[in-house]
Amino acid sequence: MRPELRDATAHHRAPAATAPAAAAPAKGRPRSEAVSQSILEAALDLIAEHGTVTDVSVEGIAELSGVSKATIYRRWSSKEELIAAAFESIKAPAPEGIPRTSLRDDLVHLGNNMRRTYGPRDMKVVRCMMTVFHEDPEYKRHHDRLVELRRTYVKDTFAYWAERGEVAADLDLDLAVAMFTSPLLTIFVYAQYPHLQADDTVERFVDNLLRGLGGPLCEHR
């Protein structure tokens, strides 16, 4: 247990009935990011320890993080939502400052943003969650909701350059997103092709992808 972390959102004792009425407080209370992060880290530790989410409970996460179950449920509505959020927390942050100087520059920027080096614990979590998201629709639903923002960045980028004639105007944007993100996730997140992990992998990948999107295949629509 981590006793140094207290329930930062616990309610204070109600005032006595004879006390004068106080001004109405603002709705809700600020949530401690340190407490939220402790909960997520506890969830990740337990997933790695057990090698499955089945044996991970909200009670166990609460005990390890040193908070109450009520604190957890004020942040996440279910165990599934919490586990998905914990997995999302070890990914690279959402991209910022997309250059919009060229389609290639933008895709290289987005691709490099997806690169992440994982330690032993997080690699155990990644392997576990790959199976969970394929087998459990509830976990997949929460996961898809969390990654939708990342997909939107890529989709908006293809749409932006399609409007400017850099790719075919009738490009299937959803398919383009899958073609871009899935191989990079396979290489850099799921580590299926370790021999492809190099400093210039993203650049080489983008160049090969763009030759397919803008080359002879597009002329035979």
Exercise. How about the range 172-190: which of its residues are of a type in the set (A, V, I, L, M, F, W, C) and open to solvent by less than 40 Å² (accessible area, probe 1.4 Å)?
Worked result: 176, 177, 180, 184, 187, 188, 189
Exercise. Filtering the range 143-170 down to residues that are in contact (Cβ under 8 Å) with a residue 60 or more places away in the chain and in contact with a Phe, Trp or Tyr (Cβ under 9 Å, 6 or more places away or on another chain), which residue is most open to solvent (accessible area, probe 1.4 Å)?
Worked result: 166
Exercise. Do we have residue 108 as under 21 Å from residue 186 (Cα atoms), modelled with pLDDT of 95 or more, surrounded by 17 or more Cβ atoms within 10 Å (Cβ to Cβ) and of a type in the set (Val, Ile, Thr) here?
Worked result: yes
For this session: Select from the range 46-69 the residues that are open to solvent by 50 Å² or more (accessible area, probe 1.4 Å) and either outside any loop (DSSP other than H, G, I, E, B) or among the acidic types (Asp, Glu) (or both) and list them in ascending order.
Result: 49, 50, 55, 59, 63, 69
Problem set entry | Residue match in the range 76-92 (condition: open to solvent by less than 70 Å² (accessible area, probe 1.4 Å), farther than 19 Å from residue 46 by Cα, at pLDDT below 95 and in a loop (DSSP other than H, G, I, E, B)) | yes
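The values are calculated or read from the model by the stated rules, or taken from the named source; none is laboratory data. Just so it is clear, the structure is predicted and the values come from calculations on it, not from any experiment. Glycine also receives a Cβ, built like all others from the backbone with ideal geometry; neighbour counts cover every protein chain displayed. Heavy atoms of the whole protein, side chains included, go into the accessibility calculation; ligands, DNA and RNA do not. Shrake-Rupley method; radii C 1.70, N 1.55, O 1.52, S 1.80 Å.
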